[in-house]
Amino acid sequence: DRPGLFFFNTLITSFAIIVLFDPFRNLIARQTRKLFSSRNFLMEEELARLSRDILGIVEPQELSRRIQKAIKTFLQTDQCTLYIIDREGLSYLPVGRPEAAELSASSPLVEYMALRRGRPFVNETIENDKESFHNQQPIRFCQLCLDTMRSLSADLVIPFNYESKVAGFCAISTGERIILSNEQLRLFTPVARQIGQLIRSTQAFSSLRERDKLSAVGEMAAGLAHEIKNPLGAIHGAAELLADGPAKKDAESSEYLKIILDETNRLSRVLTDFLDYAKPRKQAPASACQVSSVIEHTANLVLREKKIRLEIQQEGPDLVQVDPELLKQVFLNLFLNATQAMEGVAEPAIRVRIREVGAKSSIPFLDSIPL
């Protein structure tokens, strides 16, 4: 008799059923999977737990430990090795297993991972692909992938991709032929993508930490040089007083004091050059300097005790508009590289030619452009 109230109650009841039905349905589905597909359910639970546990991890060793723990739970194996690509991108290094061999980034197995776009695979996956080909080249490629997996003692490989590149992978050995359905292999994909991003973040954090460490070492070295320079000045002053005193009449003592003065002067110059090099400074490109004098000063710093002959050929203007300190750093690196390259040479020599190089072009009017 009251249709308005009837429709209102129907609406409220429908809303209550919808709200309560979804959690109830999920609970029923979860219990059904647990009852009829216990392995899939266990994999889902462990991979979801792994996804939560690895949040914020920046240490490869800890990341490897968490992955091994999850793999052991649902695959019952301890043979799980995490490989992470090195900074140069040339090879994949095993984490926490120094006895394991590294894998080259140019390996066919790595290319196979890239072709699968991060999807996990087992030995049987490659064998099925091999049987589907008739051309010898892809068959040989698949065989090389299988040989590489055997060398890694891997029955299951989980690639960790980041921006379509293989940032790392997990090689898992079960000790027996592992059988995983495509549905089970797909369960690894979300957490594998997360681990790929985590590996890249870990490498970036490691680079920043190493750079900060080198910066701190540089500051500490500069402070240490200052601390050495102060007592060195006191030794030099004391030697000068002794040289002007009674030791002046003793030839042997005078010779020893001269050695002390010469060596303290040399060490003082080395420390001064080091502090000048390490001291942060602003570029002064407007200042003029003599190139030959900068070369001679830098050569004395590097070649003083290495018995390397220096030749300077002056074929151009000696005065240039350039910051002399920055130019000295350039020559310092060049001379250090040269001395390392000439190790074992009978009569080492460095020739420096100073000349002006203008712009040369096949188009005539371009020669007038100041470069």
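Candidates in region 242-265 are the residues that are charged (D, E, K, R), without any contact (Cβ under 8 Å) to a residue 12 or more places away in the chain and under 30 Å from residue 298 (Cα atoms); of these, the one that is most open to solvent (accessible area, probe 1.4 Å) is 255. In region 275-328, what residues are modelled with pLDDT under 75 and small (Gly, Ala, Ser)? Residues satisfying the conditions are 278, 284, 286, 287.
Taken as a whole, region 231-253 holds no residue that is out of contact with any helix residue (DSSP H, G or I) (no Cβ under 6 Å at 6 or more places or on another chain) and either among the polar types (S, T, N, Q) or closer than 30 Å to residue 51 by Cα (or both).
Just so you know, in region 195-206 the residues that are modelled with pLDDT of 85 or more and under 17 Å from residue 68 (Cβ atoms) include one that is most open to solvent (accessible area, probe 1.4 Å), and it is 198.
For region 157-180, give me each residue that is of a type in the set (Phe, Trp, Tyr) and open to solvent by 10 Å² or more (accessible area, probe 1.4 Å).
Matches in region 157-180: 162 only.
Just the residues that are closer than 30 Å to residue 58 by Cα and free of Cβ contacts under 8 Å to residues at least 40 places away in the same chain, please, taken from region 207-241. Correct list: 208, 209, 210, 211, 212, 213, 214, 215, 216, 217, 219, 220.
Considered as a group, the residues in region 122-139 that are polar (S, T, N, Q) and under 35 Å from the mean Cα position of the chain (by Cα) include one that is farthest from residue 112 (Cα to Cα), and that residue is 137. From the list 192, 221, 239, the lone residue that is of a type in the set (Gly, Ala, Ser), surrounded by 16 or more Cβ atoms within 10 Å (Cβ to Cβ), under 31 Å from the mean Cα position of the chain (by Cα) and part of a helix (DSSP H, G or I) is 192. Taking residues in region 89-109 that are outside any strand (DSSP E or B), and partners anywhere that are loosely packed, with under 13 Cβ neighbours inside 10 Å, the pairs with Cβ atoms closer than 7 Å and at least 6 places apart or on different chains are 95/61; 96/61; 105/89; 105/90. For region 73-81, check the following and say yes or no: at least one residue is out of contact with any Lys or Arg (no Cβ under 9 Å at 6 or more places or on another chain), assigned to a strand (DSSP E or B), touching a residue at least 24 places away in the same chain (Cβ under 8 Å) and within 18 Å of residue 193 (Cα to Cα). No, the conditions are met nowhere in region 73-81.
Remark: residue 79 matches the filter, which requires a residue to be of a type outside the set (A, V, I, L, M, F, W, C), open to solvent by 80 Å² or more (accessible area, probe 1.4 Å) and in contact with a strand residue (DSSP E or B) (Cβ under 6 Å, 6 or more places away or on another chain).
Table: residues versus (1) at pLDDT 80 or above; (2) within 25 Å of residue 156 (Cβ to Cβ).
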site: 23; (1), (2): no, no
site: 30; (1), (2): no, no
site: 58; (1), (2): no, no
site: 61; (1), (2): yes, yes
site: 75; (1), (2): no, yes
site: 96; (1), (2): yes, yes
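If you check residue 183 against the conditions, is it under 25 Å from the mean Cα position of the chain (by Cα), at pLDDT below 85 and surrounded by fewer than 18 Cβ atoms within 10 Å (Cβ to Cβ)?
On the way: under 25 Å from the mean Cα position of the chain (by Cα): no; at pLDDT below 85: yes; surrounded by fewer than 18 Cβ atoms within 10 Å (Cβ to Cβ): yes.
For residue 183, the condition - under 25 Å from the mean Cα position of the chain (by Cα), at pLDDT below 85 and surrounded by fewer than 18 Cβ atoms within 10 Å (Cβ to Cβ) - is not met.
The residue that is most open to solvent (accessible area, probe 1.4 Å), among those in region 132-156 that are closer than 20 Å to residue 76 by Cα and touching a helix residue (DSSP H, G or I) at 6+ places or on another chain (Cβ under 7 Å), is 155. The set of residues from region 117-137 being within 21 Å of residue 150 (Cα to Cα) and of a type in the set (D, E, K, R) comprises 119, 124, 127, 129, 130, 131. Pairs meeting the criteria (first residue in region 117-136 and under 21 Å from residue 165 (Cβ atoms), second residue polar (S, T, N, Q) and open to solvent by less than 60 Å² (accessible area, probe 1.4 Å), beta carbons under 6 Å, at least 6 apart or on different chains) are 118/161.
The values are calculated or read from the model by the stated rules, or taken from the named source; none is laboratory data. Being a predicted model, the structure only gives us computed values, none of them experimental. Every residue, glycine as well, gets a Cβ built from its backbone with ideal geometry; the counts of neighbours run over all protein chains shown. Side chains are part of the model used for accessible areas, which takes the heavy atoms of the whole protein and leaves out ligands, DNA and RNA. Shrake-Rupley method; radii C 1.70, N 1.55, O 1.52, S 1.80 Å.
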